[in-house]
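Single-structure report; data block below.
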Amino acid sequence: MIIINGKIVLPNVDEPVDCDIRVNSGKIVEIGAKLARNDEILDAEGYIVLPGAIDPHTHFDDPGYTEREDFYCGTSAAASGGITTIIDMPCTSVPPVTNLDNFREKLAAIENKAVIDFGLYGGVSGQSFEQNFPENIIELAPFVLGFKTYFISGMGTFARLNHWQFEQVVRKAIELQIPVLVHAEDFDYIDYATKIARANGDKPYDYYLSRPEIAEVIAVQDISAIVENILSQPKYADIVEKSGIKPVHIVHISTAKSIEIISGKSITCETAPHYLAFDLDDFVKIGSPLKVTPIVKSSGNREYLWEYLANGEIDFVASDHAPAQKNEKFTGSIWTDYSGIPGTGTLLPYLFSEGYIKEKISLKRLVEVTSSAAAKRYGIYHRKGSIEVGKDADFAIIDPNSNWKVDGEKFYSKGKITAFDGYTFHGKIVKTIVRGKIVYDYDEGIIAPAGYGDNIAANMNSE
Ligand SMILES: [Zn+2]
């Protein structure tokens with residue numbers, strides 16, 4: 001295949017370049033002006049060709065809760081939004097990916113369903129820590145891209161770690177040279193605040209009061225202190241310095257102050273589109289379609305989150321895609337409404353439209369926060385995350401002059417309820433290409449067969 005006439009977004013540039021891309025056997029083999037046109041031609045006239053986006057935080061619930069989402073619908077939703085690789089969380093499938101047997105069970109359930117490439121995280125829950133730590137993570141490490149942990153958890157099958165347990169997990173993960181991901185909200189604060197707030201009412205604002213800014217800030221401070229304590233020992237500091245792998249990644253940061261605490265430390269972080277797009281006033285108005293954990297925060301956080309995203313203090317953006325059916329989303333009380341929203345299909349369109357087109361972030365930064373930064377963080381940059389010769393031919397082709405209106409009912413995800421319903425985004429994904437194959441086309445829908453998507457960690461380890 002040869003892609004012609006497109007405006008190609010090459011690494012570290014702020015303007016797209018007019019050139020052609022030749023693809024062979026799933027890889028980019030040549031980039032240049034006016035390449036010989038002796039292949040099947042894909043005309044990208046008027047379009048911007050971005051490296052395929054990476055969504056490094058999804059909950060596709062498969063196996064276990066497939067009424068909420070499964071790997072076919074989840075990866076189809078991602079493909080429709082220009083995403084070519086997702087990394088799925090270990091905690092919202094049953095059994096949770098806390099040991100190698102469970103990993104194999106999940107892989108068997110999903111590998112014939114994915115339409116785009118994927119990787120998996122392992123995890124350490126309160127239960128698995130007690131059962132067989134650290135043997136389980138030593139066994140799992142070659143097959144996963146990181147280990148997810150929680151400071152507070154609403155999932156019965158995946159309990160939180162206390163601070164001492166978290167410290168042991170980070171130490172072991174440093175030795176294994178693999179990042180630990182953590183949900184940063186303070187258990188002690190939220191546990192009691194929830195009792196008080198819940199007794200007072202069941203409106204969105206009551207829910208907010210159970211986990212406000214300070215609940216995140218306390219957790220981020222604790223994480224920061226624990227990482228500092230570990231790295232005060234030369235044994236661990238040396239490994240981190242030599243490998244260049246920062247030991248901890250904080251998922252879905254929602255509060256500006258959290259970023260200030262970890263600035264300059266050996267910790268990375270992500271935010272999600274809903275924290276950039278919405279605030280507490282919106283949650284009070286919208287209610288459950290915007291119920292996520294952590295909850296969106298008071299106005300004032302958003303502008304700083306955009307600033308920190310633009311200047312690199314926030315490393316990248318992930319969707320935290322976690323849909324649910326309508327009956328779970330609307331239970332009659334904000335306390336029992338499912339916490340989580342679909343988002344993988346709107347991740348790149350949102351950032352392209354509201355970030356790049358509205359000039360909050362540069363084109364170079366758009367590519368970093370939607371693709372290259374996550375690829376580097378999770379050790380897949382040799383294959384993914386940029387348009388360069390030798391890499392996988394993964395592209396998101398966007399028509400920058402076309403607008404479209406978000407309609408949750410049309411989502412490929414099983415989750416149809418989105419706070420973005422009715423929003424108009426500038427820039428339409430016209431094609432998504434994974435390893436040289438068109439997996440999604442705006443007019444034709446999902447083209448790739450279920451099972452086309454590869455487990456990238458498996459390939460990585462066979463190389
Ligand atoms: Zn999540």
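The distance separating the Cα centre of the range 407-423 from that of the range 156-196 comes to 32 Å.
The angle between the Cα long axis of helix 71-80 and the longest principal axis of the Cα atoms of the chain comes to about 60 degrees, rounded to the nearest 10. Rolling a 1.4 Å probe over the heavy atoms of the protein chains gives the range 53-385 an accessible area of 33 Å² per residue. From the alpha carbon centroid of the range 289-340 to that of the range 1-28 is 34 Å.
Working ranking of peptides 34-47, 219-232, 288-301 by packing, defined as the average number of other Cβ atoms within 10 Å per residue, highest first, is 288-301, 219-232, 34-47.
Using the Cβ of Ala173 as centre and a radius below 13 Å, the other residues enclosed give a net charge of +2, where K and R count +1 and D and E count -1.
For the range 313-330, 3J(HN,Hα) computed residue by residue from phi via the Karplus equation (6.51, -1.76, 1.60; θ = phi - 60°) reads 5, 9, 6, 6, 10, 10, 7, 6, 3, 8, x, 8, 6, 4, 5, 7, 7, 10 Hz, glycine and proline entered as x.
Take the residue pairs Lys7/Lys27; Lys148/Lys257; Lys360/Lys428; Lys34/Lys410 and return only those whose Cα atoms are more than 28 Å apart. Those over the limit are Lys34/Lys410.
Close amide H contacts of Ser153 (hydrogens built in the peptide plane, cut-off under 5 Å, sequence separation of 5 or more or a different chain): Arg160. Is the range 53-385 best put as rounded, prolate or oblate by its Cα gyration tensor, with a ≥ b ≥ c the root eigenvalues, rounded for a/c under 1.5, and otherwise prolate when a/b is larger than b/c, oblate when not? It is rounded, given that a/c, with a ≥ b ≥ c, falls under 1.5. Computed over Cα pairs, the Kirkwood radius of the range 38-80 leads via Stokes-Einstein (0.692 mPa s, 37 °C) to a diffusion coefficient of 250 µm² per second. For Ala450, no residue has an amide H sitting under 5 Å from its own, ignoring neighbours fewer than 5 places away on the same chain, with H placed 1.01 Å from N.
Here the relative contact order of the range 224-346, from alpha carbon pairs under 8 Å that lie six or more residues apart, stands at 24 percent. Under 5 Å between amide hydrogens, built in the peptide plane, is the criterion, and for Leu120 it picks out Asp88, Leu145, Ala457 among residues at least 5 positions away or on other chains. The C-alpha atoms of the chain define a longest principal axis, and helix 163-176 lies at about 30 degrees to it. Expressed as a whole percent, the accessible area of the range 333-463 that falls on carbon and sulfur atoms is 47 (1.4 Å probe).
The values are calculated or read from the model by the stated rules, or taken from the named source; none is laboratory data. Just so it is clear, the structure is predicted and the values come from calculations on it, not from any experiment. All Cβ positions, even for glycine, are placed from backbone atoms using ideal geometry, and neighbour counts span all protein chains on display. For accessibility, only protein heavy atoms count, side chains too; no ligands or nucleic acids. Shrake-Rupley method; radii C 1.70, N 1.55, O 1.52, S 1.80 Å.
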